[in-house]
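Each value in this text was obtained by applying a stated rule to the coordinates, not by laboratory testing. Quick caveat: nothing in here was measured; it's all calculated off a predicted structure. Because the Cβ atoms are built from the backbone with ideal geometry, glycine has one as well, and the counts that use them run over all protein chains shown.
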Amino acid sequence: MNKLNILVVEDNPLDQQVIADYLGSHAVEFAGDLDTAVRKLEGGQYDLCFLDLQLGKGDDCSGLKLIPLAAAKGIYSVVMSGHDSEKMVARAHELGCNDFYAKANQETNVAAVIARFLQSRAGVNTEHVFAERFVTQDPDTRASVTEALKHAASDLPVMILGPSGTGKTCLGRIIHDCSGRQGAFVDINCSVYTEELLEAELFGHKKGAFTGAAEDHKGKLAQAHKGTLFLDEIGAMSVKMQTNLLKAIETRSFYPVGSDKLESSDFRIVSATLENIQELIADGRLRFDFLQRIQGVTIALKPLARRKCDILPLVEFFTRGGRRLAFSDEAKACLLSHSWPGNARELKKLVERLVAEPGGKVTAEQVRHHLSESWAEPTGDSDDFLPESVYRYMLEHGLETALDRLTSKAVRRNLKENRGRRVKTLAALKISTRRLYTALRKKEDGLPA
């Protein structure tokens, strides 16, 4: 971080020392009265000015006179005062102050002010974001993303709504990168864990806390210290886990599973879901108080079918820096008429397949062929989801027997893919430890492939 030139206008020597301790890495000057402050502001070059409103005896709030002077010189002015009534805050902002906080919890307030100043000075180049990271020409989507980036440097939680494949994780990462937070972007998909495993993943666990916990594990909350915790598919989190996480968000502290030692973490929450929030609340699957904690700013992303103007620019973006393709007019028409249930993720997969094929001119037949293939995720209503041989086995031996053996086959296959790491299999298949061991005791012989 570059050293900033800062003027602190404060007549209390003790308060001067307190704020000096928190600004120690910067070049700091002090003014203890109004005349000295005016002289320094007129003759000096400062990036920021922290000023107390009440200078000397009485309640005249003479520090207000300094705000227009600082504003005229382009200095970022920050009022720090015990006079924080609504009327006084409004007056200070009318005069041109950039920030206002009550004299309490100086360490947190000063750090937040510096972060906001640096972010405001750097600014967010939205055109760069739309050209290089979140490609869109759709006015509504641009407005939504721009609104999210306005709050990037704050500590406000952000909730991103939208169907799968619309770029929720991508936007979450952009918000983090524009936030100025020094920690990592840590993401977790809540839908791929059982309640027990999600607790261990979020809070961490100690060695021996449960079967399979062979060593200490640092949880996502700790990993996101001074960074951003991205909670994907928040609607899949159990009510019990919401309660536990709510306490951690409120106190910024938590107990790892199997530990009695309280740990702390300064994390910012960005969450996402493809589900309807009001329906989650009505169904009792989302606690209202938990929602209030994670829904500071809400951003909704439209499906690709409702922003067709982005389809061809995204195709160009997905081939940038690599092999370029030429699409016939008919092929472009096919792209524009498709419903894109998988949104931008589906489009990217299509482009990757076309790039892998010989020939650089893409025809309508090629596009239709790939779009009609069954490489997309099957649905429960699809016949392909339940092979005929498995269905016949169920009819012959009974559903329970078939499901037991099917579970056993899935567990053993996943364990093999994960080289015997049972914790990974528990997470991948979203099953409990008891179910895993039960499945391993069952025979899988006789079940059709």
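Within the shell defined by Cβ-Cβ distances under 11 Å, the residues around Gly44 carry a net charge of 0, with Lys and Arg each +1 and Asp and Glu each -1.
Taking 7 Å steps out from each Cα toward its Cβ at Glu132 and Cys309 produces label points 2.3 nm apart. Our estimate of slack between Arg121 and Arg39, defined as 0.36 nm per intervening residue step minus the Cα-Cα distance, is 27.0 nm. Note on the chain: helix-only mean residue ellipticity at 222 nm, from DSSP H runs of 4+ residues weighted -39500 (n - 2.57) and normalised by residue number, equals -13500 deg cm²/dmol. Put the Cα centre of the stretch 95-135 next to the Cα centre of the stretch 18-90 and the gap is 19 Å. Between Ser259 and Thr146, the contour length at 0.36 nm per residue exceeds the Cα-Cα span by 36.5 nm. Converting phi to 3J(HN,Hα) with the Karplus coefficients 6.51, -1.76 and 1.60 and the offset θ = phi - 60°, the stretch 224-241 yields 8, 4, 6, x, 10, 9, 9, 9, 8, 6, 4, x, 8, 6, 5, 4, 4, 5 Hz in sequence order, with x at every glycine or proline. Looking at the chain alone, DSSP beta bridges between its own residues are antiparallel in about 10 percent of cases.
Computed on the stretch 1-104, with alpha-carbon pairs under 8 angstrom and 6+ residues apart, the relative contact order is 24 percent.
Out of these labelled values of log10 I(q)/I(0) by the Debye sum over Cα atoms at q = 0.09, 0.10, 0.14 Å⁻¹, [x] -0.56, -0.70, -1.47; [y] -0.71, -0.86, -1.47; [z] -0.80, -0.94, -1.34, which was calculated from the coordinates shown here? Label [z] holds the value from this structure. FRET efficiency for the Glu29 to Thr251 pair, using the beta carbon distance and R₀ = 51 Å, is estimated at 0.85. Beta bridges assigned by DSSP with both partners in the stretch 126-300 are antiparallel in approximately 15 percent of cases. Listed values for the stretch 170-187 are Karplus-derived 3J(HN,Hα) couplings in whole Hz (6.51 cos²θ - 1.76 cosθ + 1.60, θ = phi - 60°), namely 4, 5, x, 5, 5, 4, 4, 5, 8, 7, x, 6, 7, x, 8, 8, 10, 10, and x replaces Gly and Pro.
Within the shell defined by Cβ-Cβ distances under 12 Å, the residues around Asn189 carry a net charge of -1, with Lys and Arg each +1 and Asp and Glu each -1. Across the chain, the mean sequence separation of Cα contacts (distance under 8 Å, 6 or more residues apart), normalised by length, yields a relative contact order of 12 percent. Lys and Arg at +1, Asp and Glu at -1: add these up for the other residues within a Cβ distance under 15 Å of Glu330 and post the number. Residues near Glu330 contribute +1 overall.
Remark: for residue pairs Lys302/Lys349; Lys3/Lys65; Lys65/Lys150; Lys308/Lys348; Lys103/Lys261; Lys308/Lys349, the C-alpha separation exceeds 22 Å in Lys3/Lys65; Lys65/Lys150; Lys103/Lys261.
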